[in-house]
């Protein structure tokens, strides 16, 4: 396990260096002064610009400039937003938890829906149920997320009036920012209307989370189906049948547990896909997350926010991927070997 941990740690450090190098390079590709693209201080005076050039070592080699930029990043200094002139780190701390909350709920929905359907399709392999589930999975994966989001608002918000169409919580409730995760902040608050606020936040969560969860759920259907088919063909399953265990006992005692282990290794990759979908969905549902903020920054040509937002999102996705690798290695010791888990 130590070798596996060191290998993953070195991979994480190398990936982060590559990401910071790409983010650093964007400052030279964007129009305008490079040091302003680094710092975001578009209204800096001549004296302040001279200080920034000294701080970012713009008069030295490109390696010194990258070292200075990396030092700022490691200290949590992402510069200022060109649009709002506020520190980007503060905006990321405020907005990233909302994206994490939405993505985790969507991932939970995708797994709760996709994995059982995939298992049912595998158990009913080559039967009508299998074909129907696969057809639905193909249809769900083909639906564009922006069209699905607008359709969901049209049907469930405007047409039926069941669910709110935008925002994270009603303006009637004032919840103090503590963790940034809305559900946690509501539970930690002293408001007498805590549970009404919790229900309201849950209602706001349903539509965007379900829209985001659709595409990953279809992928989990195919992954869990393939994993279950592979498990059911394994020798230990045949041995269990020979011992006289019923099909139901084989499925619930052996097959599901081993099939789930194979699925866990793909959760990190699906989470990256899910966060990408969330960026579009946040715009449609006016969700106050980092994806919406990043897209707004692109419209506003806020170059400092663009490079910092991409860096933080990429880092967060990679951390989730590393954590799922560790969970998979803990459940499957074979993944810790030199020829596994790469």
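Points worth noting:
- Residues within region 25-67 that are more than 21 Å from residue 88 (Cβ to Cβ) and buried (at least 17 other Cβ atoms within 10 Å of the Cβ), tallied: 0
- In region 147-194, the residues that are more than 26 Å from residue 90 (Cβ to Cβ), part of a helix (DSSP H, G or I) and modelled with pLDDT under 85: 194
- Any hit, region 316-333, residues being assigned to a loop (DSSP other than H, G, I, E, B), in the same structural domain as residue 209 (by TED's automatic domain parsing), touching a helix residue (DSSP H, G or I) at 6+ places or on another chain (Cβ under 9 Å) and over 21 Å from residue 87 (Cβ atoms): yes
- Scanning region 174-198 for residues that are surrounded by fewer than 17 Cβ atoms within 10 Å (Cβ to Cβ) and over 27 Å from residue 280 (Cβ atoms) returns 174, 176, 178, 187, 188, 190, 191, 192, 193, 194, 195, 196.
- The numbered conditions (1) touching a helix residue (DSSP H, G or I) at 6+ places or on another chain (Cβ under 6 Å); (2) within 21 Å of residue 180 (Cβ to Cβ); (3) buried (at least 20 other Cβ atoms within 10 Å of the Cβ); (4) touching a residue at least 40 places away in the same chain (Cβ under 8 Å) are all true for residue 201 except (4).
- Residue match in region 123-140 (condition: within 26 Å of residue 288 (Cβ to Cβ), in the same structural domain as residue 183 (by TED's automatic domain parsing) and surrounded by 16 or more Cβ atoms within 10 Å (Cβ to Cβ)): no
- A single entry from 112, 74 fulfils the requirement of being exposed (fewer than 14 other Cβ atoms within 10 Å of the Cβ), under 27 Å from residue 20 (Cβ atoms), without any contact (Cβ under 8 Å) to a residue 12 or more places away in the chain and within 23 Å of the chain's Cα centre (by Cα): 74.
- Residue tally, condition within 23 Å of residue 313 (Cβ to Cβ) and part of a loop (DSSP other than H, G, I, E, B), over region 1-30: 1
- If you check 312, 280, 275 for being in contact with a helix residue (DSSP H, G or I) (Cβ under 6 Å, 6 or more places away or on another chain), touching a residue at least 40 places away in the same chain (Cβ under 8 Å) and closer than 21 Å to residue 39 by Cβ, only one passes: 312.
The values are calculated or read from the model by the stated rules, or taken from the named source; none is laboratory data. Here the structure is a predicted model, which is why all the values come from computation and not from measurement. So basically every Cβ, Gly included, is an ideal-geometry build from the backbone, and we count neighbours across all protein chains shown.
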